[in-house]
Each structure stands twice: as structure tokens, then as C-alpha cells.
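Structure, as C-alpha cells:
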Amino acid sequence: MPEANEIQIMTQEALKAFWGVRTNGVLNGQTMDGFSDMLRYILDLNGITESEIVMGRSAKLPGYFRMSKDWDMVVLKRYSDGSQKLLAVIEFKSMHGSVGNNLNNRTEEAVGSSYDLLKAFEHGAFGVSRPFLGYIYVMSDHVKNKGGLDRKGMLFKPLEEYMEFPRTKKPANYEERAELFMVKMVQEQLYDKCALIISDIDNHGEYRTPNQDLSIELLVRSLVGHIVANQ
């Protein structure tokens, strides 16, 4: 199991790769490759071979409301008799600049995808062991994400936590709404762990973790624990 400082260093390197891809202007889904490489390395240390980690379009799993969905990373255990067990499913998402126009879309996508997968699990798609579901979300530390307080046009008052965010007792800005979205996904057991990483725009590699329940360290430790216990 990597130590907390090791995970922090690996996260910083993944963020440098994130900004390097953006700087070079070659996106095509590659911005989060540093994080997938980080998890591949950690999984290898814990008995998962390269062939047991499936990425990209090959990471296709059955759904319940739809036939299938492509996930970012799927971790399998392959046995000598030809059988396999679904151990973990991880999503890697990021948003650069203001998230105002896209945060709701990210929320709907994450909630819907998890619910669909879990219903498929309940109906026997993956055997008897529930896979670990993880969600890693990188948000740039953009000034506009400290806004988003306008509630005009709503027919009813938002829930209390959006009007009075727990730490500030003020209306939740976009960054805080992203935090609430991920906290609630874990509370509702849609994902086992989520990681919210606020990446410094100027000092590439530096980042904040606004809520320790959403730390990358906690996600990694939980993932490794699940992998070790269920191989």
C-alpha cells in the first residue's frame, strides 16, 4: 500500500501530465492519462497484471437500462479456468476553466452511469461480488468557480445545503456544488469513493483537496483494500 506522501507525489506528477497535454493542445481524452497510469502502477504492486486492466473502448460493460457502456478503466481478475471477476470500475473526469455550463451534465452522467451499472449487478450481470466503483474528478482552480450563486428562475427553493454550504454558511459556489455532488454519490452508495482534486492553474502539479472524505489518498487506499480482499 503506498504511503500518503507517495500518493501525493504521484498525483502531482499526474497533474503535470494533465497540464502538459492541455498546453500541447492535444486532448482527445488524454488529459487524465497520468491518473490511469498512476492506478495501473499501484494495481500492479497489488497483484493485478496488465491484461487484467482494460481501458478505453475495450472497457465495455453491460448495463440495465441500456445494453452497454464504455467505462474509463475496468479491473478484472482472470483465473486459470477461464473465468473472470469484475473487481473495479473507475471513471476519470476533468474540467478546465469555468464549470458553470457543464457541472450539471457531469452530475447527470455520473449518477446515471453508476445507477445503470449497479442495477445490472443486482440482476446478475457480474456475479455475486459488487465491484468497487471510483470517480476521480480534476477541476482547475478557476476564479469563476468561486461564483455560481445566482438562483434566479427556480420554481422552488434549493435544498438547504446549497443555500447554506456547511463550511461557509453561505450559498454554495460551483466548486462547493461539485463537492456536494460527490459527497452525495458516496453517501448514496453510487460510488464507493470519489476524489475531488482542485488543480492550481499557475503551479502545475500543486492541488487542493477541499474535503478529506474526497481525497485521492482515501480513494486509492479503498481501491487497494477492495482489490486485495476480493482477488
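Before anything else, pin down the relative contact order of region 4-230: Cα pairs under 8 Å, at least 6 apart, normalised by residue count, whole percent.
20
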Worksheet item: What fraction of the DSSP beta bridges in the chain is antiparallel, stated in percent and rounded to the nearest 5?
Response: 50
Practice prompt. Measure of size requested: the Rg and Dmax of the chain, with Cα atoms as the atom set and Å as the unit; please supply both.
Written response: 18.1, 60
Worksheet entry | Gain upon complete extension [Asn230, Asn211; 0.36 nm per residue less C-alpha separation] | 4.0 nm
Worksheet item: What are the lysines whose alpha-carbon lies under 26 Å from the alpha-carbon of Lys146, with same-chain residues fewer than 8 places away excluded?
Response: Lys16, Lys93, Lys157, Lys169, Lys170, Lys184, Lys193
Response to the item:
For Met185, Met1, ascending order of other Cβ atoms within 10 Å (fewest first) is Met1, Met185
Response to the item:
The long-range amide H neighbours of Tyr207, using H built 1.01 Å from N in the peptide plane and a cut-off of under 5 Å, are Asp200
Worksheet item: Pick from Glu188, Glu52, Glu217: which is most flexible by mean-square fluctuation in a GNM of the chain where alpha carbon atoms under 10 Å apart are linked?
Response: Glu188
Worksheet item: With each label point set 7 Å from Cα along the Cα-Cβ vector, what nm distance links Lys144 and Tyr79?
Response: 5.2
Fill in: Cα long-axis angle, helix 174-187 against the chain (0 to 90 degrees, to the nearest 10)
40
Worksheet item: Which longest run of the chain has no exposed loop site in it, a site being trypsin sites (Lys or Arg not before Pro) in a DSSP loop with at most 14 other beta carbons within 10 Å, and the site itself not part of the run?
Response: 67-150
Discussion item. For the pair Asp33/Glu3, report the inter-label distance in nm, with labels modelled 7 Å from Cα in the Cβ direction.
Written reply: 3.1
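The numbers here are math on the coordinates, done by the rules we state, and not lab data. For clarity, every value in this text was computed on a predicted model and none was experimentally measured. Here the Cβ is made from the backbone with ideal geometry for all residues, glycine too, and neighbour counts use every protein chain on show.
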